[in-house]
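Colleague: Before I ask anything, let me first share the structure, which is written out below as structure tokens.
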Amino acid sequence: MIIRKTPEQVDQMAAAGDILVRTMTMLKSKARPGITTLELDEAAEKFIRSQGATPSFKGYRGFPGSICASPNSMVVHGIPGSYECKRGDVLSIDIGVTKDGWVADAAVTVPIGPISTEAKQLLGVTRNALFDGARQMVAGNHLGDVSNAIQRSVESNGLSVIRTLVGHGIGREMHEEPQVPNFGEAGRGPELEIGTVLAIEPMVNAGGPLVRMGDDGWSVFSEDGSLAAHFEFTVAVTPDGPRILTPWHEAE
């Protein structure tokens with residue numbers, strides 16, 4: 001069942017999103033060669049808690065970190081630790097923030113210093129695919145319109161959508177119905193109604209679409225070792241069109 005939110009509840013999710021965006025802005029400024037993913041995690045947790053909120057990922061299904069930090073061929077769910085960022089890396093940073101019982105979720109993939117042409121294309125295509133999907137969050141559209149827009153945006157540029165990882169509904173819980181695939185047929189699936197809130201998150205490989213699970217039981221890697229990228233917004237369907245509740249792009 002898709003749980004639609006009232007305008008007041010959407011505003012509460014946006015308040016969590018504001019803290020998330022400020023956290024993301026801080027982490028992007030720190031994401032430089034030499035910093036460890038654990039140092040980024042500790043900075044995120046300290047800031048989120050200073051704002052009267054909690055890091056949604058901490059302890060979620062046993063996850064030990066406050067953020068997910070996934071370098072290079074790691075797609076998602078990287079546990080922060082001793083990994084030291086290097087010049088030329090790409091690092092996917094995924095953050096969840098809970099404020100007054102409401103959750104916001106967003107991710108970006110950032111360059112660590114100068115990166116290759118291939119990596120620049122991967123980040124640009126995945127970022128654009130997120131916006132293409134978010135633009136479909138209009139009342140009367142269908143979930144398949146979001147999924148199809150992402151798929152077309154990625155595959156028209158010769159990159160691969162990961163088909164086994166999906167976005168999700170979000171609200172009082174981190175993961176609510178429906179699942180949001182990054183591929184699909186336009187016009188299919190549930191109709192998007194006012195109050196629907198989704199975490200839209202294209203996950204893209206520069207190589208093939210297959211992934212493998214890491215030994216830690218959390219991290220997910222591209223199977224062929226190619227670079228991966230992950231961008232995410234929490235987006236609400238409103239009478240005025242899509243409302244991005246985690247507008248990290250506005251802070252760029």
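The values are calculated or read from the model by the stated rules, or taken from the named source; none is laboratory data. Fair warning: this is a prediction, and the values are worked out from it, not measured in the lab. Here the Cβ positions follow ideal geometry from the backbone for every residue, glycine too, while neighbour counts run over all protein chains shown. Areas reflect the complete protein model, heavy atoms only, side chains present, ligands, DNA and RNA absent. Shrake-Rupley method; radii C 1.70, N 1.55, O 1.52, S 1.80 Å.
Colleague: How large is the direction-averaged shadow of the alpha-carbon convex hull of the stretch 17-134, in nm²? Write out the running numbers ahead of the final one.
Modeller: On the way: hull surface 29.1 nm².
That works out to 7.3 nm².
Colleague: May I ask which residue of Ser116, Phe221, Ala186 lies farthest towards the positive end of the charge dipole of the chain, with charges of +1 (Lys, Arg) and -1 (Asp, Glu) on Cβ and the Cα centre as origin?
Modeller: Ser116
Colleague: Right, something else. Grab the DSSP H runs of the chain that are 4 residues or longer, score each as -39,500 (n - 2.57), total them, divide by all residues and round the 222 nm result to the nearest 500 deg cm²/dmol. Could the numbers behind the result be given before it?
Modeller: Working: 4 runs with 69 residues, N = 252.
The per-residue figure over the chain is -9000 deg cm²/dmol.
Colleague: Could you tell me which of Tyr83, Phe231, Ile170 has its Cα farthest along the dipole of the chain towards the positive end, charges placed at Cβ (Lys, Arg +1; Asp, Glu -1), taken about the Cα centre?
Modeller: With unit charges placed on the Cβ atoms, the residue in question is Tyr83.
Colleague: Sticking with this one: With charges only on Cβ, +1 for K and R and -1 for D and E, what is the dipole size of the stretch 129-252 about its Cα centre, in debye, rounded to 20? Show your work: numbers first, answer last.
Modeller: Numbers: 7 positive and 18 negative charges, 40 e Å.
Around 200 debye, computed over the stretch 129-252.
Colleague: List the residues, sorted by chain then number, that are 5 or more residues from Ile170 or on another chain and whose placed amide H is less than 5 Å from its amide H.
Modeller: Counting only residues 5 or more places away or on other chains, the set is Glu176, Val197, Ala199.
Colleague: Quick one: which residues, 5+ away or cross-chain, put their amide H under 5 Å from the amide H of His142? H built at 1.01 Å from N.
Modeller: Under 5 Å from the amide H of His142 lie the amide H atoms of Gly187, Leu192, each far enough along the sequence or on another chain.
Colleague: In addition: Let me know the charge dipole size of the chain about its Cα centre in debye, to the nearest 20, where only the beta-carbon of Lys, Arg (+1) and Asp, Glu (-1) is charged.
Modeller: Values: 22 positive and 31 negative charges, 78 e Å.
For the chain, the charge dipole is close to 380 debye.
Colleague: Using a probe of 1.4 angstrom, how much of the accessible area of the chain is carbon and sulfur, in percent? Walk me through the intermediate numbers first.
Modeller: On the way: 5260 of 10470 Å².
In the chain, the share of accessible area belonging to carbon and sulfur is 50 percent.
Colleague: With Cβ to Cβ distances under 11 Å as the rule, what net charge do the other residues near Arg172 carry (K, R +1; D, E -1)? Please report the intermediate quantities before stating the final value.
Modeller: Working: positive: Lys5; negative: Asp100, Glu173, Glu176.
Net charge around Arg172: -2.
Colleague: Further question: Evaluate E = 1/(1 + (r/R0)^6) for Ala251 and Arg32, where r is the Cβ-Cβ distance and R0 equals 25 Å; express this FRET efficiency to the nearest 0.05. Could you put the intermediate results ahead of the total?
Modeller: On the way: r = 18 Å, r/R0 = 0.70.
Here the calculated transfer efficiency is 0.90.
Colleague: Mind checking the dipole of the stretch 41-186: about its Cα centre, +1 per Lys or Arg Cβ, -1 per Asp or Glu Cβ, Debye to the nearest 20? Intermediate results must be reported in sequence, preceding the final value.
Modeller: On the way: 13 positive and 16 negative charges, 53 e Å.
Using only the charged Cβ atoms, the result is roughly 260 debye.
Colleague: Leaving out ligands and nucleic acids, and using a 1.4 Å probe, what accessible area per residue does the chain come to in Å²? Intermediate values should be presented prior to the final figure.
Modeller: Numbers: 10470 Å² over 252 residues.
On a per-residue basis, the chain sits at 42 Å².
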